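Okay, so here's the structure we're looking at.
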Amino acid sequence: MENRNWNQGSVEMSVVCSDLSLLENINLLLKQKGVIAVEDEMGVLHYIVDGRSDRGSVAGRVTAINPAKTAGQEKQEAYLDLCIKTVLREYGFDMSLMGTMLIYKSVYKSVKRCVPAPATMKSMYIDTGKELGLTIEQSERNVRYAITKSSLKSMRSRAVVKCIQTRTERRLGLRDPLD
């Protein structure tokens, strides 16, 4: 039995097997995990990444697959962590609040993966809230509360996240200071 998906501009993956349940298991794994590792006869791992549901995080999944971090990568991540926390403190965010942690995680992921901030706050609430076991409503409430306790209390949530990400990118030298 063969399963082919023909979409213009997408990568084709073919799985040939005699059992339909194997195809269903592969599809289920891709939907749940978003990535499958397949080892060839030389022992080299090849990754199949599913971009059907959340295309924004596919690039991050591919770059996050490499488990071995070099000392340089660890230093870069530590510096990124320091820059984001410094920017948050400059704006008066309380680092003990859950909403501040949600903003931090969102900015950290975006800068590390070199992708823009989430297109909508709802996607940010879903992505970062899921990691902390929060619902969308809880995430939204926590972020709004953290913002009201900061010096950016008059700004909207999306503008605050964009502002913090931009300021962090400037500190890292990824963005022109005059922009």
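The values are calculated or read from the model by the stated rules, or taken from the named source; none is laboratory data. Treat the numbers as computed from the prediction; the structure is a model and nothing was measured. Here Cβ is always computed from backbone atoms with ideal geometry, including for glycine, and neighbour counts include all displayed protein chains. For accessibility, only protein heavy atoms count, side chains too; no ligands or nucleic acids. Shrake-Rupley method; radii C 1.70, N 1.55, O 1.52, S 1.80 Å.
Observations on the model:
- Residue check for M101: of a type in the set (A, V, I, L, M, F, W, C) and open to solvent by less than 10 Å² (accessible area, probe 1.4 Å): no
- For the condition modelled with pLDDT of 85 or more, within 23 Å of N142 (Cα to Cα) and buried (at least 16 other Cβ atoms within 10 Å of the Cβ), K122 does not qualify.
- When G133 is tested against the conditions (1) crowded, with 17+ Cβ neighbours inside 10 Å; (2) not in a helix (DSSP H, G or I), the lone failure is (1).
- Selection of the stretch 10-44 for residues being at pLDDT below 75, open to solvent by 90 Å² or more (accessible area, probe 1.4 Å) and either over 23 Å from the mean Cα position of the chain (by Cα) or acidic (D, E) (or both) yields V16, S18, E39, E41, M42.
Yes or no, residue by residue, for (1) at pLDDT below 70; (2) not aromatic (F, W, Y):
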position: H46; (1), (2): no, yes
position: R55; (1), (2): yes, yes
position: A59; (1), (2): yes, yes
position: L80; (1), (2): no, yes
position: Y91; (1), (2): no, no
position: L102; (1), (2): no, yes
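- Residue count, the stretch 142-157 (criterion: in contact with a helix residue (DSSP H, G or I) (Cβ under 8 Å, 6 or more places away or on another chain) and either without any contact (Cβ under 8 Å) to a residue 12 or more places away in the chain or open to solvent by 80 Å² or more (accessible area, probe 1.4 Å) (or both)): 4
- Tally of residues being touching a Gly at 6+ places or on another chain (Cβ under 9 Å), farther than 20 Å from R156 by Cα and part of a helix (DSSP H, G or I) across the stretch 106-130: 3
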